[in-house]
Structures are given as structure tokens and as C-alpha cells.
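Reading through the C-alpha cells given below for one structure.
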Amino acid sequence: MLLENTIVALATPSGTGAIGIIRISGKESISIASKCFKSHRDINIINQASHKTFLGWIKDDERIIDKVLLTIYKGPNSYTGENIVEISCHGSQYILQEILHLIVKNGAEPAKAGEFTLRAFLNRKMDLTQAEAVADLISSESKASHELAINQMRGGYSKNISDLRGQLIHFASMIALELDFSEEDVEFANRNEFLKLLEKIETQLKELSDSFAYGSVIKNGVPVAIIGKPNAGKSSLLNALLNEDKAIVSEIEGTTRDSIEDTLIIEGIQFRFIDTAGLRDTEDKIELIGVKRAIENAKKAKILVYIYDVTDKDTDGILEQLKSIISIDKRIILIQNKMDISSGKENTINLIKKEFTQLAIAISISTNEKVSINKLKKILVKTVNEIGNSSQTIVTNVRHHNSLNKALKDIQSIKKAMKDDISGDLISVDLNSAIYSLGEITGEIDSDEVLGNIFQNFCIGK
Ligand SMILES: Nc1nc2c(ncn2[C@@H]2O[C@H](COP(=O)(O)OP(=O)(O)OP(=O)(O)O)[C@@H](O)[C@H]2O)c(=O)[nH]1
Ligand SMILES: [Mg+2]
């Protein structure tokens with residue numbers, strides 16, 4: 001079994017720091033550490049109580065490497081569930097490497113990516129969704145993504161899924177029993193109850209699956225594409241939002257050719273703003289590529305910001321562009337820019353709103369004078385919250401989303417089969433497949449392939 005060996009890795013980032021932490025996990029971790037540690041008070045760390053810290057020296061024979069703090073955690077009361085030793089030493093690259101080599105020389109093996117958390121999972125210290133949340137937590141960069149990861153780490157929806165799965169297993173065994181007694185034509189599984197359960201599960205799986213759209217943008221940043229005609233002020237808007245001179249601004253049409261992207265956290269939500277090349281027909285080969293990219297970005301974005309120049313007389317051109325982007329079906333924020341030079345007579349925004357009643361959010365700004373930029377930020381936050389409001393629990397993980405969808409499809413086909421009065425043995429195929437998919441999420445079913453995929457994405461030392 002892979003848990004037989006004792007593993008070691010640096011738990012803090014490599015490079016120079018005030019301190020660095022080396023973590024050893026496995027049966028032999030305390031005895032291996034004892035071979036290179038000499039406590040100040042001459043205490044033998046073998047046979048000490050768990051959760052105790054000792055001050056002392058790390059020594060390679062007689063050569064002193066560093067003065068360290070060494071902490072012992074005894075399994076099962078540790079992160080991995082095994083015996084763990086943590087050595088806090090001075091954070092010099094050299095010292096860290098020397099201690100790592102020394103621990104390996106004394107019998108530990110270098111840990112693979114995610115192996116500590118994999119062990120925690122295999123020793124049932126956490127389920128699979130919680131293990132995955134550890135990786136999310138480490139990489140979270142905003143308040144919102146941090147909140148989702150913490151929530152998932154505390155159990156999130158996995159208990160719920162586990163319960164639903166348990167109820168499905170119950171029915172599966174009832175149906176299996178019926179098949180065993182098929183000659184006698186008995187019904188152990190109450191069809192009405194079963195149908196009710198399927199409906200309940202379907203609703204919940206749907207809710208979870210739908211929440212993914214929101215969860216994934218919170219985790220990776222909400223993509224917001226800024227699009228419009230050349231010179232509308234797209235790059236000026238990006239700069240105003242970021243409060244820095246990120247993109248080149250000029251009065252020449254077609255200044256921006258490539259898409260320019262930067263992130264900004266507003267009220268705890270991370271946004272990815274993408275400034276694009278102005279949309280127009282052009283002979284210029286490179287600009288044309290830029291326009292194509294702009295359209296691709298618009299398609300990929302979660303929110304579209306369509307911006308136009310209030311003094312632009314070509315209203316038909318604006319309406320035509322809006323018509324084509326409205327078909328992309330996104331949340332669109334309409335922005336009338338350059339209000340500082342507006343004569344006050346232009347009423348393009350009302351005209352557009354009359355033409356496209358689905359454009360609910362419209363705002364007049366001036367990027368040059370920084371008028372209503374904060375108002376726009378508030379609108380962006382509100383828009384994201386509206387996307388998320390539909391569900392309480394939020395799925396952020398692609399793997400969970402795929403399994404949820406597989407299970408959902410199975411449940412729907414069981415429902416249909418029952419309405420069509422299809423025999424139990426056919427139902428049980430889909431039933432088992434749904435049970436399998438739900439089990440994949442929590443790790444009640446784990447294939448080596450699934451585990452490999454998950455833990456290889458961790459950093460070494462976690
Ligand atoms: N008066 C005024 N001028 C503005 C405002 N915003 C942008 N401009 C000017 O409009 C011109 C074009 O601005 P950009 O931000 O480069 O426009 P763009 O949409 O990125 O243009 P392309 O990259 O060519 O597609 C520049 O001369 C800006 O100074 C504004 O709020 N008021
Ligand atoms: Mg530009």
C-alpha cells in the first residue's frame with residue numbers, strides 16, 4: 001500500500017523567507033526526525049505526547065545545520081491522519097535543502113504533489129470535495145472565492161449529496177430484491193415514493209449544477225468584455241476602472257488591436273476586464289484579427305459592457321452592433337460615454353432603450369472626467385450578485401459539475417422509464433450509474449485515475 005512509506009516536503013514556498021517549514025508524514029516520521037534532532041533539554045522525541053513543540057538543533061552527525069522548532073502530531077490526530085513532524089527552521093534555501101536531504105538520507109521519500117492531502121483523504125480525515133477545497137483555498141485571491149473554498153472545506157454540499165446517494169442505494173437494493181423474486185411479482189420499492197425521491201433529487205442536482213456558472217466565475221474572476229466602435233473610449237474606461245494607464249489611449253481610430261486584460265477586485269469580487277479592438281469593417285489585416293478577437297472575447301465573457309460616444313452621430317451603426325451582440329445573450333451593460341462634451345441634446349440612450357427593451361442597465365459616464373465610474377462598479381457588483389442569487393450552495397469545481405450533470409441525466413431517464421413502465425432491470429442500470437456519479441463527487445467511489453487527476457494539480461508539500 002502506498003501509505004507504507006514516510007514522506008517529506010517543504011510546506012512553505014521555496015526561496016528565502018524568515019522561516020521555512022518542512023513536513024514529514026508517515027509511520028516512521030518521528031523516528032526519522034529523532035535521528036537528526038537534538039533537543040536543548042536532551043529530550044528524546046520518541047514517546048512524547050502529541051501536539052508538543054521542542055526547541056533544538058538539526059544535526060548531520062556532528063555538523064549543526066540549524067536551530068529549529070520541532071512539532072509532533074501523532075496520528076490519527078494530524079492533518080494526514082498519520083504521525084507528522086513539522087520542522088520550523090530558518091528560511092534559507094541552503095538550510096531547507098540540507099534538512100530535506102538529511103531527512104531523505106534517514107529514510108523518508110520526497111512527497112509527490114498533493115500527497116499529504118491525498119493521505120488525509122485516504123485516511124478519511126476529509127472527503128474528496130474537502131480535499132479539493134484545500135487547493136482552492138490556497139489559490140483563492142478574493143474574498144468571494146475564499147468564502148466559497150472555506151464553505152466547501154467545512155463540508156459544503158457533500159453531506160447533502162452523500163445523503164441523496166444513500167437514499168438511491170436503498171431503492172437500488174429494493175429493486176434488486178424485486179428482480180430476485182421476479183417470478184412472484186412483488187414490489188418492494190414503492191413506485192410513488194421512488195418517483196417523489198427522484199423528483200427531489202432532480203431539483204437539487206439541477207440547482208447545484210446551475211450554480212456552477214456563478215461558482216466558476218467567482219473562482220476564476222468574472223470576465224467582463226468592453227466592446228464598442230473605435231474611439232468610443234473602451235481603453236479609457238479600462239484605465240479609469242483600474243485607475244492606471246494600462247492601455248494606450250489616442251484619438252486615432254483603431255488604437256487598440258490586441259485584447260488587453262487586467263484584474264480588479266471590487267467589493268471582494270474579482271473581475272477580469274478585457275479591453276478589445278474597436279468593432280468596425282477594416283482593410284487592415286492586423287486590426288481585423290483584433291476585431292475577431294474582440295468578438296471571441298465578447299462570447300466568452302460573463303458580462304458585456306457596450307460603450308459608445310455620446311457625440312457619435314452614426315446611431316444606426318451603434319444599433320447594428322448592439323443587434324449583433326444582443327444575440328450573444330449575455331448580461332449587457334450599456335454605457336454612454338464622453339458626457340463631458342455632450343451638448344445635452346443627444347438622446348441616443350433613450351432611443352437605444354426603446355429599440356432594445358432587454359437592455360435593462362444603462363449608464364452615462366465620462367471616463368476622462370471620471371464621472372460615474374464608481375456607480376458603474378456598483379452596477380457590476382450588483383450584476384454578479386444577481387447571477388448568484390438563485391442558489392444558496394455553489395459548485396465551483398468542474399469535476400463536480402460534470403458528475404452532477406451525469407447523475408442528473410440518469411435521474412431524468414429513470415423518471416422517464418418509470419412513466420413508461422419499463423422493467424426494473426433496465427431502471428437499475430441508470431440507477432447504478434447515478435449512484436456512481438454522485439459517489440465520484442465525494443470520493444465514496446474513487447478510481448486511481450480520478451485521484452491522480454485531482455492531486456497532481458496540488459503543489460508539492462500540500
Ligand atoms: N471628452 C472625452 N473624451 C474621451 C472620453 N473618453 C475617451 N475620450 C477620448 O476618445 C479618444 C479615444 O479613446 P480610447 O479610449 O482610445 O478609445 P477606444 O474605444 O479604446 O478606441 P480604439 O482602441 O481605437 O478602438 C481619445 O482621444 C480619448 O481621450 C471622455 O469621457 N470624454
Ligand atoms: Mg482602445
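The values are calculated or read from the model by the stated rules, or taken from the named source; none is laboratory data. Just so we're clear, the structure is a prediction, and the values are computed from it rather than from any experiment. Positions of Cβ are backbone-derived with ideal geometry, glycine not excepted, and every protein chain shown enters the neighbour counts.
More than 16 Å from ligand 1 (Cβ to nearest atom) and either touching a Leu at 6+ places or on another chain (Cβ under 8 Å) or within 30 Å of Val249 (Cα to Cα) (or both): does that describe Asp340?
Criteria not met by Asp340.
Could you tell me whether the range 219-233 includes any residue that is buried (at least 21 other Cβ atoms within 10 Å of the Cβ), at negative phi and in a loop (DSSP other than H, G, I, E, B)?
yes
Consider Leu288 carefully, then state whether it is assigned by TED's automatic domain parsing to the domain that holds Lys378, surrounded by 14 or more Cβ atoms within 10 Å (Cβ to Cβ), in contact (Cβ under 8 Å) with a residue 12 or more places away in the chain and more than 9 Å from ligand 1 (Cβ to nearest atom).
So Leu288 fails the test.
Go through (1) over 29 Å from the mean Cα position of the chain (by Cα); (2) surrounded by fewer than 15 Cβ atoms within 10 Å (Cβ to Cβ); (3) touching a residue at least 40 places away in the same chain (Cβ under 8 Å) for Asp180 and report which single condition fails.
Failed condition: (3).
Look at Gly81 and say whether it is touching a strand residue (DSSP E or B) at 6+ places or on another chain (Cβ under 8 Å) and in a loop (DSSP other than H, G, I, E, B).
Judged against the criteria, Gly81 is not a match.
Does at least one position in the range 157-164 carry a residue that is of a type outside the set (Asp, Glu), in a loop (DSSP other than H, G, I, E, B) and in contact with a Ser or Thr (Cβ under 7 Å, 6 or more places away or on another chain)?
Looking for residues that are of a type outside the set (Asp, Glu), in a loop (DSSP other than H, G, I, E, B) and in contact with a Ser or Thr (Cβ under 7 Å, 6 or more places away or on another chain), one finds at least one in the range 157-164, hence yes.
Residues Leu351, Leu359: which one is part of a loop (DSSP other than H, G, I, E, B) and not polar (S, T, N, Q)?
None of the others qualify; the one that does is Leu359.
In the set Lys229, Lys234, Lys246, which member is within 16 Å of ligand 1 (Cβ to nearest atom), touching a residue at least 12 places away in the same chain (Cβ under 8 Å) and touching a Ser or Thr at 6+ places or on another chain (Cβ under 7 Å)?
Lys234
Across the range 295-335, which residue is surrounded by the most Cβ atoms within 10 Å (Cβ to Cβ) among those that are of a type in the set (D, E, K, R), under 21 Å from Phe271 (Cα atoms) and in contact (Cβ under 8 Å) with a residue 24 or more places away in the chain?
Checked the range 295-335; the qualifying residue surrounded by the most Cβ atoms within 10 Å (Cβ to Cβ) is Lys302.
Please find, within the range 208-248, the residue that is nearest to ligand 2 (Cβ to nearest atom) out of those that are of a type in the set (Ser, Thr, Tyr) and in the same structural domain as Ile266 (by TED's automatic domain parsing).
Ser235
For Asn83, are the conditions met, namely being more than 25 Å from Val450 (Cα to Cα) and surrounded by 21 or more Cβ atoms within 10 Å (Cβ to Cβ)?
Answer is yes for this residue.
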